[in-house]
Amino acid sequence: MPTAVSPARCPAAGSGKAYRSRMPADQSVSDPGTPPGRAYTAPEVTVYYDAARCVHFAECVRGLPMVFDTSQRPWIQPDRASATEVAEVIRRCPSGALHYLLEPGPHETGDAVTTVIPLPGGPLLLRGDLQVSVPGRNADGTPEFLRETRMAACRCGKTGNAPFCDGSCDLHG
């Protein structure tokens, strides 16, 4: 089970503006678009990091420390490992703060079976082919949805980035 680390170890802790890739409820699943966040590009993979979604589980840092190095700037350097290795470690990110696009390959897809893991005193970790209702409405008045593969959902109601956990429930101690 993932455990969170101190936000002080994350280079973007407490920074960044929430950005979501929103879609109408009837948008095709086959067109996921560009993931939210800042892009870090290498020849065969682009990594996207959304600081507002990071809950500091540090799966990236433990998985590929030469790519995800918080002592370096930029802290994400995807050219230091193969695109396949980078993608595999990003899929471990339980919050969905990290995403990738492979240049020669397919977009990231959600797990075939949706799973929900409640963390004691923390968020609900969701994995699967998710359609998440987000605040707001489309121009036609229908609810807005976000297509996602992984997320840490707030369950305390204190988040400033609904429906995502932002650590406001004192997840970090």
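The values are calculated or read from the model by the stated rules, or taken from the named source; none is laboratory data. Everything quoted here is computed from the prediction, not taken from an experiment. For neighbour counting, all protein chains shown are included, and Cβ atoms are generated from backbone atoms with ideal geometry for every residue, glycine included. Quick note on the areas: whole protein, heavy atoms, side chains included, nothing else; ligands and nucleic acids left out. Shrake-Rupley method; radii C 1.70, N 1.55, O 1.52, S 1.80 Å.
Only one entry of Gly122, Gly167, Gly136 meets the criterion of being out of contact with any Ser or Thr (no Cβ under 9 Å at 6 or more places or on another chain) and either buried (at least 19 other Cβ atoms within 10 Å of the Cβ) or closer than 12 Å to Val55 by Cα (or both), and that entry is Gly122.
How many residues does segment 60-73 contain that are buried (at least 19 other Cβ atoms within 10 Å of the Cβ) and either assigned to a helix (DSSP H, G or I) or among the small types (Gly, Ala, Ser) (or both)? Number satisfying all stated conditions: 1. Of Pro65, Pro78, all but one fail to be of a type outside the set (A, V, I, L, M, F, W, C) and touching a residue at least 24 places away in the same chain (Cβ under 8 Å); the exception is Pro78. When Leu101 is tested against (1) surrounded by 15 or more Cβ atoms within 10 Å (Cβ to Cβ); (2) closer than 21 Å to Glu144 by Cβ, exactly one condition is not met: (2).
Scanning segment 108-139 for residues that are charged (D, E, K, R) and at pLDDT below 90 turns up Glu108, Arg137. For Pro74, the stated conditions hold: it is within 13 Å of Tyr40 (Cα to Cα) and over 16 Å from the mean Cα position of the chain (by Cα). The single condition among (1) in contact with a helix residue (DSSP H, G or I) (Cβ under 6 Å, 6 or more places away or on another chain); (2) farther than 17 Å from Pro36 by Cβ; (3) open to solvent by less than 10 Å² (accessible area, probe 1.4 Å) that Arg92 does not satisfy is (3).
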